[in-house]
Amino acid sequence: MSFIDDDRPQKKPTHELGADLSMLSVDELKARVEMLKAEIVRLEAEAARKASGRQAAESFFRS
């Protein structure tokens, strides 16, 4: 009898820059593109948050 362990936590898909892509399916490639787009949005939001905090600090010390 074969057991399929569906209760195990699923590994999050990851992407390593420069990794070999030849063994990935089209669906896997599309999933990675979407994951990377979401990460870019997250990175840009964090950069904007930090920039606005820095601007606020600079204008406080200029006064």
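List the number of the failed condition for Ser22; all other conditions in (1) in a helix (DSSP H, G or I); (2) open to solvent by less than 100 Å² (accessible area, probe 1.4 Å); (3) at pLDDT 95 or above hold.
(1) is the only condition that Ser22 fails.
Would you pick out the residues in region 34-63 that are of a type in the set (A, V, I, L, M) and open to solvent by 70 Å² or more (accessible area, probe 1.4 Å)? Working first, answer last.
Within region 34-63, the subset of a type in the set (A, V, I, L, M) is 35-36, 38, 40-41, 43, 45, 47-48, 51, 56-57.
Listed by number, the residues that qualify are Ile40, Val41, Leu43.
Does Glu16 satisfy the criteria of being modelled with pLDDT of 75 or more and part of a helix (DSSP H, G or I)? Break it down into steps so the answer makes sense when it comes.
Numbers: modelled with pLDDT of 75 or more: yes; part of a helix (DSSP H, G or I): no.
Spelling it out, it is not the case that Glu16 is modelled with pLDDT of 75 or more and part of a helix (DSSP H, G or I).
Is there a residue being over 15 Å from the mean Cα position of the chain (by Cα) and in a helix (DSSP H, G or I) anywhere in region 33-49?
The answer is yes; a qualifying residue exists.
The values are calculated or read from the model by the stated rules, or taken from the named source; none is laboratory data. A quick note: this is a predicted structure, and the numbers were derived from the prediction, not measured. Keep in mind that these areas ignore ligands, DNA and RNA; they rest on the heavy atoms of the full protein, side chains included. Shrake-Rupley method; radii C 1.70, N 1.55, O 1.52, S 1.80 Å.
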